[in-house]
4 protein chains.
Amino acid sequence: MRAAVLREYGEPLRIEERDRPTAAPHGVVVEVEACGVCRSDWHAWRGHGEWADDDVPLGQVLGHEPAGRVVEVGDRVTEFAVGDDVAVPFCLGDGSCPRCLSGHGNRCENGYALGFEPAVPGAFAECVAVPHADYNVTHRPESVSARAAAALGCRFMTAFHALAHRAPLGAGDWVAVHGCGGVGLSAVQVASALGARVVAVDIRDDALDAAARMGAAETVNASETDAAAEVQKRVGGAHVSLDALGSAETCRASVESLRSGGTHVQLGLTTDAEAGEVRLPTDYMTRHELSFLGSRGMSPTSYDELFALIDAGEVDPGALVTRELSLDEVPERLAAMDDYGTSGVEVVTEF
Amino acid sequence: MRAAVLREYGEPLRIEERDRPTAAPHGVVVEVEACGVCRSDWHAWRGHGEWADDDVPLGQVLGHEPAGRVVEVGDRVTEFAVGDDVAVPFCLGDGSCPRCLSGHGNRCENGYALGFEPAVPGAFAECVAVPHADYNVTHRPESVSARAAAALGCRFMTAFHALAHRAPLGAGDWVAVHGCGGVGLSAVQVASALGARVVAVDIRDDALDAAARMGAAETVNASETDAAAEVQKRVGGAHVSLDALGSAETCRASVESLRSGGTHVQLGLTTDAEAGEVRLPTDYMTRHELSFLGSRGMSPTSYDELFALIDAGEVDPGALVTRELSLDEVPERLAAMDDYGTSGVEVVTEF
Amino acid sequence: MRAAVLREYGEPLRIEERDRPTAAPHGVVVEVEACGVCRSDWHAWRGHGEWADDDVPLGQVLGHEPAGRVVEVGDRVTEFAVGDDVAVPFCLGDGSCPRCLSGHGNRCENGYALGFEPAVPGAFAECVAVPHADYNVTHRPESVSARAAAALGCRFMTAFHALAHRAPLGAGDWVAVHGCGGVGLSAVQVASALGARVVAVDIRDDALDAAARMGAAETVNASETDAAAEVQKRVGGAHVSLDALGSAETCRASVESLRSGGTHVQLGLTTDAEAGEVRLPTDYMTRHELSFLGSRGMSPTSYDELFALIDAGEVDPGALVTRELSLDEVPERLAAMDDYGTSGVEVVTEF
Amino acid sequence: MRAAVLREYGEPLRIEERDRPTAAPHGVVVEVEACGVCRSDWHAWRGHGEWADDDVPLGQVLGHEPAGRVVEVGDRVTEFAVGDDVAVPFCLGDGSCPRCLSGHGNRCENGYALGFEPAVPGAFAECVAVPHADYNVTHRPESVSARAAAALGCRFMTAFHALAHRAPLGAGDWVAVHGCGGVGLSAVQVASALGARVVAVDIRDDALDAAARMGAAETVNASETDAAAEVQKRVGGAHVSLDALGSAETCRASVESLRSGGTHVQLGLTTDAEAGEVRLPTDYMTRHELSFLGSRGMSPTSYDELFALIDAGEVDPGALVTRELSLDEVPERLAAMDDYGTSGVEVVTEF
Ligand SMILES: [Zn+2]
Ligand SMILES: [Zn+2]
Ligand SMILES: [Zn+2]
Ligand SMILES: [Zn+2]
Ligand SMILES: [Zn+2]
Ligand SMILES: [Zn+2]
Ligand SMILES: [Zn+2]
Ligand SMILES: [Zn+2]
C-alpha cells in the first residue's frame, strides 16, 4: 500500500510502498477514507521535540487523524466487524490502566500517539492498524462522514475536551481563543455551542473572518494591537482563554487575557523557539487566582459526547475543511505550514 | 396607586387603591412597567401551602415578576439612581448573611418572597418597594426590555439556575423537561443554549409545539403514553430531567426518565393534592445512583450571567410572552390557570 | 467444598457440599479466607426485593464480602497469579462498558451482584469465582489482612464512596449518620478521616457508644427524641446526612436533618414495609435546595483510594469487626438481625 | 500609640508614636493582642514588588496577621460591639462587589491588603482600624486564643484555602509541600486533617522535623537530592503539590513533583531574583494535563470553615508558634529572615 514516510526532517515526506498492516488480536485494521493534515504533523516533520527527547523517528509513517472502514478484526475484538464505519483518535490507550478506566485514556500509562511512534504507523496510508480497538475505535454515526470525522481529530476533539471537560465553562462566559487555525476554529464552534461568547485572536484577517463566521462575537488582530490588553478592554477579561497555537507569545497573551479567577487552557505545543518552556507571570497568577490547565487530545471514551453535540446541530466539524487532498499533495501542504500558509483543516481523501 | 389584592382564596383579586410605597434606607421604589403572571400567583390565590403553614395571607398585593424604572432611592443605596432601568427578582436577600455572601441569596437566611408576604407587597401595582436594593436589584441592559425582563422572572431565572448551577449538565446531554408552561419552555431554551438536547413532555399538543419551536428535539405527549418509558425508549434515558410543573405524576415521571447516574431537578411546588410530599422510588434511586436536587429561583447575584446568555443570542425570554395584559385582567387570567388554560408567559404591561 | 445456601426465605441457610468453581478465561477463583455477614444478606434471606422483581433466587450461595487468595487464574487474566492476596468487591463490572470505563463500575451495564444472583455464587463458601478479574479484583497490600478486607465490603466501601465521591463534603462540615450498624460506623470513620464532624444517630446506646469511639462528636438516641429536630438544634443542621439503614423513618429523618443547601445520601435499601418507596418532602427540598443522592457500593477501580486512606492511618476497618464466625454459625447470625441483635461487623473466618 | 513603621527598605523598622486610628462608619478599631510576623512583611521591608509597581510605600505601618478585641465601632456596623474578641484577615474586601458576594472576597475588586498600603495601616501597633467590618471581621470562638488566631493569618488561612477550596484534593491523595515555613507547616496540618498523605520538602532538617511532627508521612531534604525526582520515586508523584515558598526553584520542583493529571498550587510570591516570573515546562504540563493554580489568602467569609476544622480537633494553628515577641523585637526578627533564620510562626504579643 502507499504511505507518506518521514525520511529526513524538513525534507519532503516520501510516498512509498509498504506492506499492508495486520491486526493484533486486540486490534483492527482500518482502510483510511480520510485523514486530516495538522500542525502536529508539521512539528514532527520539522523535528521539533528534540529538547524533550520526543522527536519523531525517521522512517515513521505520519498521519494521525483518520476515519475509514474496518477491513480486518483481531480475535479478541468484540465490538467491531469488517465493514464498520469508524473514527479513530490519535491518542490511543491500552484500555486497562487506571487512567483508561477512569475516563482519562488520553493520558494512558501505556498509551500510543498514532503516527508519531514506530509501534503505531500513521494514517497517511491506505490502511492503518489500531491496537486495543474495543477501547480506542468508535462506531461512526451515519450522520458523520469520513471527511467530517477526519476533521474531528486531533483538533476538534482537543478543543472539545478542553472546553467540555477541563475548563469550568459557565453560561454566557467570555472565551478568548488565541490562534484561529484548526484547533482555534474548533474551539470557536464548541464554545459557542456551549452558550459562551467568543473573542477570537489571530494575526491573519482571513482567520479572524473564519472565526466570525463560526460564531465569534469579537475578533482581535494581534498584529495591530496588544491582544491581551484588547481582550481586557473589550470584554473585561476572559473567563476562559485558550492558547490554540503554542508559542511564548500566544501563551502569555492568553494568560494575560483573563479576568480575576479566570482559567487558561494550554492546547498547543511549542516550537523549537521555546523548546517546551514559557516564562509565566506567577505572582500575577497567584494574586488573581488564575488557573493554567494543560489539556491533551481527548479520551477515546468521549466520542459519544462529541457525536451528541454534532447530533444536536450545535457544531459542524465539516465546516472546518477548506481543502481535500490526495496523498501525493501531503509533502507540499506540510511545507506550506512553515509560514502559516494554510487555513482551517485540510483533509487527505485520495490515497 | 392601583394594586391587585388577594382578599379571599379563590375569589377574584380585587383592584384597589393603595398608598404608594416609600423606600427604606437600603431600598428603592420601582415604577412597574411590566410584571409576569405566574402559576405561583395561582398557588397563592388558591391558598395552597396551608399544609406547610405557608399560605399567602389575605390582604397581600400579589405580583412577583416585575421590571421597571427606579423612582425613589434610599439614603444608603449606592448603586442606583432615579430613572435607572432595572430588573427585580422574586427571591430577595438581605445581602449580608453567609448565604447571600456565597452566591446563594435565593436561600437567604432572612430573605423575602416578593409579593407573597406582608413585608414585601407585590408588583401587580403601579409601584413596588424593593429592600436591600444594592444586593437585589439589577441594572437592565438596553437590549432587555421591561417586557422581556418580566418574562425572566421567576420562571426563566428558575430554569436558568437549575440548568446552569444545579444540574451537572454536559455537552450534548439529553434533558427531559416535564411540563411545558413558562418554566418548562424556559428550560427548553436554556438547555438548548448550553449545548444539550431536549425531550419535552406535556399533555397538551400546543405546549409541545411551542417546545419544538424553542428547540426541543423530541416531544412526548404524556396523555397518550407512559412518559418515562417513552423517554427511556427514545433517548436511552435522560442525563438530566426537570419537573417544571409540580405534581406527584410529573415528579415521578421525571425521576423515572433518567438514565443510570442521572439527575432530576425539582422546580415546581406541588398542589394541595400532594400537600408538599411525593412518594419516590428510593431503592431504584440508590441502585442507579440517581440524584434528586431541589432548586429555588435564582440568586440576585446571577443576573449578569443570564444577561450574558441573552447577549450571546442564545436565549430569548421575550419569545415566551404570549399575551400582554392590563392590571384589570389579572383576576381573570389567574382563574384561567385552574384548568391550565394559559400557555407561555402572560405579562401585565398596563397598570 | 462447603457453602451456605439459601433454600427457603426465612429458613436457616443450609450448609451444603458444592463443586469447587472453575475460572472463566477472564476470571479467577479465590479461596475465601474471610467474608463479612451483612444486612444485605439478611434482606436476601428474608426475600425482600420481591416488589422490584429483585428477590434473590432460592438455591443461591450467599456471601458478598470476601477476601482471600487466588487459587486459579483464567487464560486471559494478566494482573493476577496463583497465591496473590486479594480483595473482591460485591458489585462486579464487565470492565468494558462506558460506565466501567469512566470510573462507575459499580453501575456496570452488565454488572453482577456477587452472591445475589445465580451467575455469581457467593462467598459463604470455601472458594468463590470472580469474573473479569483484571477489572474487579484488587491486590491487597500487606498492611490489610483478609479479615480487615472483609470488613471493607460492602459496608466500608459503600460509606467511603458516598462520602469521598458522591457527597460534596467540605472541611469541618457536620455529617449526620442515621443508623450506626456496619455502614454507619464506617461512615463515622470516613467522615472523621476527611476532616468532617459527625453527629451519630441510632436507637441503641451501644451503637452510639461505638460511634463515639470511632470519632463521632455528637450522638443522638432517636428513640428518645425527634432525631432531625435534635440534629438541627445541636449543630444547626447537617451539611451532609446519610441514611445508613434504609427505612422510611431514617430516610425522612436524614433529609430533615439537613441545613439549607445540604445533601442527603441514601445508602440503605428499604425493607418490605416500604417496598422500595419513601414519601419525601419535595416542596421543602425545593425551597431549601436540598439534594438527595442515591449511592451504591463503590467502583472496583476505587480500591486504591481506600487503601491509601488506610495507609494514611486515617481509618481502621478492622476496628469494626466485633466477632469472628465459622461458616456453620452464619444461619444463626443472619436470624439475629431480625431484631437488630448484632452490632458492628461479623466476619466468617472458618469455612 | 506605638507602631512599627517602614522608613527605608532594608533598614530596621522604626518604632514610632502614632495617633490611634478611628473607626469609619462601616469599620471597627481593634486593640491588637497578637500579630504574626511573616515572610510577606519581609518582602515588604526588602522593597520587593518594584517590578510590578507593587512595592510597599515608605511610611507604612506593617503587620497583617492580627487578632484582638474591638474597642470602637462605626455607626453602620451591626455585627460587632466593643469588647468582642475577633480575628482579622489580611485581604480585606468591600463586601459589596460581585466577588465579595460570591465567596471570593480575597479577590475583591476594591480590596485592601492590610498593612501593605496607606489606606490600611498595619497591626504592628497597639490598635488597627478595619474597614467594612461586618464583612471582614469575624467573631473568635472562645476556643481560639488571640495568639492562635494570629497564627492563622495569613499563613494558615492561605494553606487552608489552597487545599480546601482550590485544589481538588481526594481521600488518601499524596500532597507534596515545598517549603516548610509557616505556610508549609500549615499545609501539612491541613492536608493531614483532610485525609491526605504528605511528603514535605525543605532544605533544612529542623523544618522537616517540624513537618514530620505535624503529620508528614515522608520528608525530602532538597539540598541533598533532586526533590521532584525523589517525590516521583517515593510516592509515584503527588496528586497535589504546593509551592509554599515562592522561588523559581521551588515552583519548578513542585510542578515536576506531580503525577499525570496532578495539580500544583502556587502560594508563595517570588523574590526579586524572579521578579514575579517563572519559566514553566508548558509542553510537559500539556501532555500530562497538569494544572497550575494561583491561590491568594482566603476569603473573609471562610473563617467559619476554618474554625470548624479547629473545633473538629483536626488542626492546631497554635502549634505553629515558635516564639512570642515584643513589638521592639520585630525589626530584628524581620532581618533574621534574610537567611531563613526563623522557623514556624513568630507572634508579637507585647505592644
Ligand atoms: Zn491506559
Ligand atoms: Zn492533529
Ligand atoms: Zn441573606
Ligand atoms: Zn413566578
Ligand atoms: Zn461495565
Ligand atoms: Zn454487605
Ligand atoms: Zn469586593
Ligand atoms: Zn503573612
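Values as computed for the structure displayed
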read-out: Spin-label model distance (nm) - A:Asp304 vs A:Arg14, 7 Å beyond Cα toward Cβ; value: 4.5
read-out: Inter-part distance where segment A:145-166 and segment B:1-29 are each reduced to a Cα centre, Å; value: 56
read-out: Nearest-20 debye value, chain D charge dipole, Cβ charges on Lys, Arg, Asp, Glu; value: 840
read-out: Whole-Å semi-axes of segment A:306-351's equivalent ellipsoid (Cα gyration tensor); value: 26, 13, 7
read-out: Peptide-level mean, for D:290-303, of C-beta atoms on other protein chains within 10 Å; value: 5
read-out: Label geometry 7 Å along the beta-carbon vector: B:Lys233 inter-copy distances in nm; value: 5.4, 6.0, 6.5
read-out: Rg ratio (alpha-carbon, reference 2.2 N^0.38 Å) - the protein assembly as shown; value: 0.93
read-out: Gap separating the Cα centres of segment D:65-111 and segment C:55-99, nearest whole Å; value: 57
read-out: Dipole of segment B:248-348, positive direction: furthest Cα of B:Val255, B:Gln266, B:Gly318, with charges on the beta-carbon; value: B:Val255
read-out: Amide H partners (placed H, <5 Å) of D:Leu258, local residues excluded; value: D:Ala238
read-out: Residues B:Asn110 and B:Asp55, FRET efficiency given R0 of 35 Å [Cβ-Cβ distance, rounded to 0.05]; value: 0.95
read-out: Against the rule of thumb 2.2 N^0.38 Å, how large the Cα Rg of segment B:195-351 comes out; value: 1.15
read-out: Filtered GluC sites (Glu not before Pro), segment C:168-248: DSSP coil and at most 13 other beta carbons within 10 Å; value: C:Glu224
read-out: Placed amide H near B:Cys127: partners under 5 Å, 5+ positions off or other chain; value: B:Val32
read-out: Spacing of the two label points (7 Å from each Cα toward its C-beta) at D:Asp316 and A:Ala81, in nm; value: 6.9
read-out: Estimated dipole of segment C:70-200 in Debye, rounded to 20 [Cβ of Lys and Arg +1, of Asp and Glu -1, Cα centre]; value: 640
read-out: Space enclosed by the convex hull of the alpha-carbon atoms of chain C, per residue, Å³; value: 121
read-out: Karplus-derived HN-Hα couplings along segment A:167-180 (A = 6.51, B = -1.76, C = 1.60, θ = phi - 60°), whole Hz, x at Gly and Pro; value: 7, x, 6, x, 4, x, 4, 8, 10, 8, 10, 9, x, 10
read-out: ³J(HN,Hα), Karplus 6.51/-1.76/1.60, whole Hz, each residue of segment A:258-263, x for Gly, Pro; value: 7, 7, 3, x, x, 10
read-out: Kirkwood hydrodynamic radius of segment D:1-122, from inverse mean 1/r over distinct Cα pairs, in Å; value: 15.4
read-out: Inter-label distance, nm, simple model (7 Å from Cα along the C-beta direction), C:Ser326/B:Glu332; value: 8.8
read-out: Accessible surface of segment C:156-294, 1.4 Å probe, proportion on carbon and sulfur as whole %; value: 47
read-out: DSSP-defined beta bridges in chain A - what % are antiparallel, rounded to 5; value: 50
read-out: Among B:His288, B:His165, B:Leu245 - extreme Cα towards positive end, dipole of segment B:156-294, charges at beta-carbon; value: B:His165
read-out: Average beta carbon contacts from partner chains per residue of C:308-319, 10 Å cutoff; value: 4
read-out: Of C:Glu117, C:Glu17, C:Glu65, the one that fluctuates the most in a GNM where chain C has Cα springs shorter than 10 Å; value: C:Glu17
read-out: Farthest toward positive dipole pole in segment C:7-118 [+1 Lys/Arg, -1 Asp/Glu at C-beta], among C:Gly95, C:Val71, C:Pro25; value: C:Gly95
read-out: Other-copy label distances relative to D:Arg76, 7 angstrom Cα-Cβ extension, nm; value: 0.7, 7.1, 7.1
read-out: Dipole magnitude (debye, nearest 20) for the protein assembly as shown, charges at Cβ of Lys, Arg, Asp, Glu; value: 0
read-out: Between D and A, accessible area buried - total, square angstrom, nearest 100, 1.4 angstrom probe; value: 3300
read-out: Accessible area per residue, Å², segment D:1-50 with all protein chains present, probe 1.4 Å; value: 44
read-out: Highest-MSF residue in chain A out of A:Gly182, A:Gly215, A:Gly68 [GNM, Cα springs under 10 Å]; value: A:Gly215
read-out: Mean-position separation - Cα centroids, segment B:167-201 and segment D:267-284, in angstrom; value: 44
read-out: Over 23 Å [Cα-Cα, segment C:121-205], rounded percent; value: 35
read-out: Built amide H within the under 5 Å cut-off of C:Glu72, gap 5+; value: C:Val29
read-out: Peptide C:187-195 - average C-beta neighbours from other chains (10 Å radius); value: 4
read-out: ³J(HN,Hα), Karplus 6.51/-1.76/1.60, whole Hz, each residue of segment D:74-89, x for Gly, Pro; value: x, 3, 9, 6, 10, 9, 10, 9, 4, x, 5, 7, 9, 10, 9, x
read-out: Residue among A:His161, A:His43, A:His26 with the largest mean-square fluctuation in a Gaussian network model of chain A, springs linking Cα atoms under 10 Å; value: A:His26
read-out: Principal axis dimensions, segment C:258-328 - Cα atoms, whole angstrom, descending; value: 47, 36, 23
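The values are calculated or read from the model by the stated rules, or taken from the named source; none is laboratory data. Predicted model, so just to flag it, every value in this text is computed and none were measured. Heads up, the Cβs are rebuilt from the backbone with ideal geometry, glycines too, and the neighbour counts pull from every protein chain shown. Quick note on the areas: whole protein, heavy atoms, side chains included, nothing else; ligands and nucleic acids left out. Shrake-Rupley method; radii C 1.70, N 1.55, O 1.52, S 1.80 Å.
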